[in-house]
Amino acid sequence: MTSETLSKPGDEPAALGAFLARADDRLNPILVKEVRQALRGRYFRNLFWLTVVLATALGVFMIVLANVDGDLDELGTNFFMATFGVLSFAVHTFVPFWAFQSMGAEWEENTFDLLVISDLRPKQLVVGKVLAATVQALLYYSAFSPFLVSTFLMGGVDILAIGLAIGLSILVSTTLSFLAVALSTLGRTKIVRAALAMLLACALLPVSAGAIGFATMLVQAPNVLRDRDFQYAVAMFGSVLPIVALFAFAIGCARLAHEEENRSSALRVLASAITVVTLAWAAVGYTTFFRGEEQFVIALVGAGCALAMVAYVFFATEPEPFGRRVARQVPSSRTLALCSLPWLPGGARGLALLIGNALLTLLVVGPLALLEGDESIVVFTLALYLYALVVVGLPSGIASYFVRTLRGRTAVRVAIPLLLGLAIFLPSIAGMLLDVHAWMELEHPLDPFWVLACLVDLNLADAGPGLALLAIGVVLTAIVNAKRVGNAVAEVLRCSAERRAREAAAAQATHTTDAAPQR
Amino acid sequence: MTALEVRGITKTFRSLKAVDDVSFTVEPGSICGFIGPNGAGKTTTMRICATLELPDHGDVIVDGVSVLEDPRRARRKLGFMPDNYGAYPQTTIREYLDFYARAYGLTGKARKKTVDQVMAFTSLGPLEEKLINTLSKGMKQRLCLAKTMLHDPAVLILDEPAAGLDPRARVELRELVKALGAMGKALLISSHILTELAEMCDGVAVIESGKLLARGRVGEIQRSLQPHATMYVRALCDLATLEKALLEEPGIANVRGERQGLVFDYTGDDEALARLLERLVARGVKPVEFAGGEVKLEDIFMSLTQGTLQ
Ligand SMILES: Nc1ncnc2c1ncn2[C@@H]1O[C@H](COP(=O)(O)OP(=O)(O)O)[C@@H](O)[C@H]1O
Ligand SMILES: [Mg+2]
């Protein structure tokens with residue numbers, strides 16, 4: 001309103017000022033705060049100039065080296081490697097690590113409570129931190145752009161290769177910042193935070209090195225850009241990164257949200273998204289580039305399931321009843337409420353999500369297999385998801401009878417992968433003692449990976465005992481979970497009915513006030 | 001409508017019941033002192049009110065909104081000043097307030113105006129360009145109070161705001177709190193030092209070991225605890241004569257020496273008290289000081305918590 005009245009037509013500066021004021025209002029508050037602090041602080045400035053000086057020194061060293069050797073063909077490539085090397089560490093290590101520390105500082109400096117009780121949403125907090133990191137990354141990229149331009153001018157380097165390297169680097173840096181912030185929200189005590197920082201550093205350094213390796217490969221052999229397999233891999237990588245970033249974003253938001261809020265649904269939708277995206281790539285690949293290569297589909301379905309498994313373990317061990325706030329958000333329509341069931345919080349509903357994603361996968365994979373007459377894909381997919389169901393559902397189902405505390409739930413979450421490990425490795429130890437050679441080689445019916453491998457080869461004779469055990473596992477899982485699944489469905493229906501009743505009461509109330517005579 | 005209603009909240013840490021079925025209300029425009037020794041459960045209660053902690057049982061209604069059912073809306077109606085909180089380094093007073101104003105969704109001119117207003121209210125205006133890390137404790141408290149007022153909440157919860165302040169800063173804080181009460185805000189202010197609260201509160205809630213021991217106006221609690229008034233008399237005669245004269249009067253008990261006079265418990269109304277004075281004069285006792293009835297928060301607190309303090 002006020003800005004409108006300010007900007008008379010033809011009054012350019014006022015219009016611009018009003019536009020800037022509006023843009024300023026839209027800015028993420030955290031971003032504004034972080035940039036102000038970073039500009040005044042010494043940490044970023046010093047690090048920034050240090051990297052620029054280091055890159056210059058390395059670049060000059062490369063030029064001198066090339067002159068000494070008289071090997072000028074390689075000059076552009078070497079210069080690129082030197083400067084991109086420094087840039088890579090800056091944007092793939094320093095910047096995400098800064099994001100990690102910046103989020104953690106809110107707890108360490110005791111400022112978090114004041115943030116949380118403000119009107120900022122968790123997503124604004126996470127995005128603000130990542131944006132502030134991205135601004136730093138962009139400063140690095142722009143500081144390094146003269147180097148990259150000189151690289152190109154020195155010749156011998158494909159502009160497309162540089163473009164792809166930088167483009168992917170920006171995507172990776174942003175994703176890493178999201179991951180770093182999400183990781184930072186996982187622990188608030190000093191010891192846990194130190195462990196998380198170590199973990200992050202151990203993950204970031206290889207990524208920086210890998211990025212250098214990838215960029216080097218690109219500039220040294222730019223022909224790879226015209227390779228279809230390479231294009232396919234890059235496209236797949238490029239589509240998975242945003243999902244990983246989104247997943248990290250959702251974890252961060254869930255960790256920062258109030259405990260009564262719905263902290264699960266967004267993650268569940270993303271777990272479904274992972275399944276959908278891997279299925280889409282499998283379908284596209286299987287019908288085009290990798291026509292008839294069932295290994296390709298099996299690898300993608302397996303990877304999608306494995307990625308989502310981590311999430312299923314968390315979902316299936318959530319507390320069963322809705323929080324008070326979530327209970328009020330269940331859709332009022334019965335059908336809608338039942339359809340949304342797998343994506344609503346609660347352990348049993350987590351199992352429903354797993355089953356739903358399994359059905360979806362079978363629905364996509366089934367026709368594909370029919371297309372090529374390759375039934376091993378279907379058998380594999382079915383067995384894979386039944387294993388997933390047993391691995392997640394059996395321990396969490398049993399635990400649901402007596403585990404009530406957060407600590408207990410964390411213990412179950414840790415126990416599930418451990419139990420799987422035991423199922424695989426205990427028989428092999430037994431094999432050593434009893435001198436059963438196949439068991440020692442991890443070829444025994446309790447090892448899902450071996451049974452699945454047999455199924456891919458359609459070797460039903462070997463897979464037989466494993467499948468029998470699997471069937472028993474499925475029956476047990478169904479028994480221990482029947483009650484909580486029933487309760488979960490009943491709860492959704494009840495909350496939906498309650499909401500209908502509330503809405504009817506509210507409508508009634510407004511109706512009577514409308515009918516009341518006007519003053 | 002009640003501004004703050006605490007409904008039977010309970011919070012257990014491991015085996016320790018930090019807050020045990022605590023209920024009380026604070027009306028708009030009133031200033032409620034929340035007193036109890038260290039570890040009584042004041043901070044935990046306040047953090048539950050501020051949506052920072054979940055109660056095991058019970059609920060808190062802030063200006064009609066449940067902190068459990070709609071924490072976001074409750075937060076908008078509530079200003080909380082924690083007992084210890086950090087301030088961002090490399091930030092000036094204006095930037096700090098501007099950041100929180102943005103966080104509360106204030107835009108454009110309204111944001112600048114609100115920041116100016118709260119700075120004027122807390123007399124921080126002249127210091128707006130000062131870095132926060134260079135501020136004194138009293139200044140930081142005022143800054144946090146200014147921040148708490150940015151979104152004009154109906155309820156203000158201040159956890160130990162006077163702790164560590166010098167006497168001057170304490171007086172300034174008291175004036176600010178009174179001004180806020182006069183603006184119609186409901187205030188809940190905690191302290192373990194009673195004299196800090198005595199002059200600014202309309203009522204008190206006394207808590208110890210997680211249990212609410214008493215709640216009400218200072219005078220009401222006093223009367224419920226001791227139906228008699230405590231009086232002080234000094235006269236131009238020796239104490240023995242004075243004591244003898246007093247003990248012959250009805251309604252007087254527990255006479256003891258204090259300063260240069262005597263203190264005694266008196267049961268009876270003001271009329272009877274006036275007659276008592278008349279009779280003392282008639283007996284030739286010549287009183288020069290005859291005072292009492294002053295309710296001391298300190299005394300209430302001591303008599304309430306006596307048993308468990310040691
Ligand atoms: N997060 C927590 N974990 C475990 N115990 C806590 C926690 N917060 C408070 N307590 C305990 O609860 C009791 C009440 O603490 P608090 O509410 O801070 O008291 P007050 O503010 O009145 O001094 C204390 O015994 C304290 O040790
Ligand atoms: Mg306290």
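The values are calculated or read from the model by the stated rules, or taken from the named source; none is laboratory data. A quick note: this is a predicted structure, and the numbers were derived from the prediction, not measured. Glycine also receives a Cβ, built like all others from the backbone with ideal geometry; neighbour counts cover every protein chain displayed. Side chains included, ligands, DNA and RNA excluded: accessible areas come from the protein's heavy atoms. Shrake-Rupley method; radii C 1.70, N 1.55, O 1.52, S 1.80 Å.
With contacts defined as alpha carbon pairs under 8 Å and 6 or more residues apart, what's the relative contact order of chain A in percent?
12
The simple spin-label model puts a point 7 Å past each Cα toward its Cβ; for B:E248 and B:A291 those points are separated by 2.8 nm. For the pair segment A:86-109 / segment B:5-58, the C-alpha centres are spaced 38 Å from each other. Structure shown: which of B:K109/B:K185; B:K77/B:K112; A:K123/A:K190; A:K129/B:K137; B:K42/B:K130 lie over 27 Å apart, alpha-carbon to alpha-carbon? In this structure, A:K129/B:K137; B:K42/B:K130 lie more than 27 Å apart at Cα. Distance from the C-alpha centroid of segment B:235-267 to that of segment A:261-325: 86 Å, rounded to the whole angstrom.
Given contacts defined as C-alpha pairs under 8 Å and at least six residues apart, what's the relative contact order of chain B, whole-number percent?
Details: 555 pairs, mean separation 63.8, N = 310.
Reported relative contact order: 21 percent.
As a test, work out the antiparallel percent of DSSP beta bridges whose residues both lie in the protein assembly as shown, rounded to the nearest 5. In the protein assembly as shown, DSSP labels about 70 percent of beta bridges as antiparallel.
Modelled spin labels at A:L139 and A:R40, positioned 7 Å past Cα toward Cβ, are 1.5 nm from each other.
Rounded, prolate or oblate, given the Cα gyration tensor of segment B:54-198, with a/c below 1.5 counting as rounded? Oblate is the answer for segment B:54-198, as a/c is 1.5 or above yet b/c matches or exceeds a/b. In the complete set of protein chains, residue-level accessible area for A:H511 is approximately 120 Å², probe 1.4 angstrom.
Ellipticity at 222 nm from helices only: DSSP H runs of n ≥ 4 in chain A, each -39500 (n - 2.57), divided by the residue count, give -27500 deg cm²/dmol. Here the calculated FRET efficiency for B:D83 and A:F19, from their Cβ-Cβ distance with R0 = 41 Å, stands at 0.40, rounded to the nearest 0.05. Would you mind counting up the charge near A:F290? Only other residues with Cβ under 15 Å from its Cβ, with Lys and Arg at +1 and Asp and Glu at -1. Net local charge, A:F290 excluded: -4. Distance between the C-alpha centres of segment B:154-216 and segment A:458-515: 50 Å, rounded to the whole angstrom.
Here the spin labels are modelled as points 7 Å beyond Cα on the Cα-Cβ line, and at A:A273 and B:E27 they lie 5.2 nm apart. Averaged over the residues of A:307-315, the number of partner chain Cβ atoms lying within 10 Å of the residue Cβ comes to 0. Counting charges near A:T185 (Lys, Arg +1; Asp, Glu -1) among other residues having Cβ under 11 Å from its Cβ returns a value of +3. With the convex hull drawn over the C-alpha atoms of the protein assembly as shown, the volume per residue is 287 Å³.
Projected onto the charge dipole of segment B:4-216 (+1 at Lys/Arg Cβ, -1 at Asp/Glu Cβ, origin at the Cα centre), which of B:L187, B:N84, B:G33 gives the Cα projection farthest towards the positive end? Checked the options; the winner is B:N84. Under the convention that each Lys and Arg Cβ holds +1 and each Asp and Glu Cβ holds -1, the size of the dipole of the protein assembly as shown around its Cα centre is about 1660 debye. Size descriptors for segment A:258-506, from the alpha-carbon set: Rg then Dmax equal 20.0, 73 Å. Using the Cβ-Cβ distance between A:I398 and A:V244 with R0 set to 51 Å, the FRET efficiency from 1/(1 + (r/R0)^6) comes to roughly 0.95. Applying 1/(1 + (r/R0)^6) with r as the Cβ-Cβ distance of A:V436 and B:A110 and R0 = 56 angstrom yields a FRET efficiency of 0.15. Within straight-line reach of B:K286, meaning a Cα separation under 14 Å, sit the following aspartates and glutamates at least 8 residues removed in sequence or on another chain: B:D238, B:E243, B:E278. Mind checking segment A:281-375 for GluC sites (Glu not before Pro) that DSSP puts in a loop (not H, G, I, E or B) and that have at most 15 other Cβ atoms within 10 Å? Of the GluC sites (Glu not before Pro), the ones in loops of segment A:281-375 whose Cβ has at most 15 other Cβ atoms within 10 Å are A:E293. A straight Cα-to-Cα reach below 12 Å connects B:K211 with the aspartates and glutamates B:D20, B:D21, residues fewer than 8 places away in its own chain not being considered.
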